[in-house]
1. Between ASP202 and ASP183, what is the label-to-label distance in nm when each label sits 7 Å out along the Cα-to-Cβ direction?
2. Would you mind computing, in nm to one decimal, how far apart the modelled labels at SER246 and ASP106 are, each placed 7 Å from Cα along Cα→Cβ?
3. Cβ under 14 Å from LEU173's Cβ, LEU173 left aside: what net charge do those residues give with Lys, Arg +1 and Asp, Glu -1?
4. Once you have the Cα-Cα distance between THR280 and ASP128, take 0.36 nm times their residue separation minus that, and quote the gain in nm to one decimal.
5. Per the helix-only calculation at 222 nm, which mean residue ellipticity applies to the chain, given -39500 (n - 2.57) for every DSSP H run of n ≥ 4 and division by its residues, nearest 500 deg cm²/dmol?
6. Set the Förster radius R0 to 41 Å, insert the Cβ-Cβ distance between ARG39 and ALA92 as r into 1/(1 + (r/R0)^6), and round the FRET efficiency to 0.05.
7. How much FRET efficiency would the formula 1/(1 + (r/R0)^6) give for ALA80 and ARG48, where r is the Cβ-Cβ distance and R0 is 35 Å, rounded to 0.05?
8. For the chain, what is the charge dipole size about the Cα centre, in debye to the nearest 20, if Lys and Arg each add +1 at the Cβ and Asp and Glu each add -1 at the Cβ?
Amino acid sequence: MELDLRKLGHLVAVAEEGSFTRAAARLHLSQQALSTSIRALEREVGVRLLDRSGASVVPLPAGRALIEDAHVLHGLARSAVGRARRIGRGEAETLRIGHTPAVTADEVSALLVASADARTTIYQCFPDELIERLRDGRLDVGLSRGMRPEHGLTRTTVSQNRLRIAVANGHPLASRTTVALADLAGESFIVWGPPGRSGYTDLLFDHCRAAGFEPDYEVNSTQGAPPVTAVIGSDRIAFVTAEAGSAANGRVRVIDLDPPVHVPLHALWSPHAASETRDTFLDGYIDREVSE
């Protein structure tokens, strides 16, 4: 059988809205037309996809699985149309890279050396937005730390970067040139996502636990700012990958961890979408991990 992308879009809308009425208004359809479309899709697939018995319409397990694949399929269709349109118009391909706030602009620039001849556009995205843009074809590569490859995406480790700490200039550790991770027991850390919901925070805290302590933490209230700036006006510590020394116009000190600790920089992308500039960018990187 051939899946109708339009009907899949209807299924996604109903699941997201939790209501045929709201989904129909969003899609500019009558409720009857939307209901007919979903029932036709269920007949084509051969199983029920939605539970309509409660106050809200919720996907059944088969519906959730199909919705996951629908996001991937819609992204591939959008990428295929964009690629054909670009080739037909004789336009050069632009490499579209997204990165989370945990990856600095300097680190992105260093990785672009291999693609120096390619036109590139760089976007900073929060993790959920990064995944959404990769799935729907608006990004070719997503750079992150600690994020697992979501359904339909592939991950590779492109580099290992030295982890350091940042403290405000008046902090007692600011006069140090090195500090052992174990010596930070009892300190409070600033992170950008709570443990259990941020793969990068989990990775950082695993290093702390390996050093013998359970970290105290606070989630940064200013999201999206450069990591080194998080400690300004605070007695807390931030993990960063910036170079050691003075930062933020002298208001922050970045200190080496000794012995050194390294954290991975990951690239995420859709392996089924064709992109010559993306393949050039990723050339030479190994350790690919495919989502189940």
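1. Here the answer is 3.1 nm between the modelled labels.
2. Here the modelled spin labels are 1.5 nm apart.
3. -1
4. On the way: separation 152, 0.36 × 152 = 54.72 nm, distance 2.57 nm.
Computed gain between THR280 and ASP128 is 52.1 nm.
5. Details: 8 runs with 100 residues, N = 292.
Theoretical 222 nm ellipticity from helices: -10500 deg cm²/dmol.
6. 0.35
7. 0.70
8. Working: 32 positive and 37 negative charges, 191 e Å.
In debye, rounded to 20, the chain gives about 920.
Each reported figure results from applying straightforward, stated rules to the coordinates on display, with no laboratory input. The structure presented is a predicted model; accordingly, all values stated were derived computationally and were not measured. With ideal geometry, Cβ positions are generated from the backbone for all residues, glycine too; neighbour counts draw on all protein chains shown.
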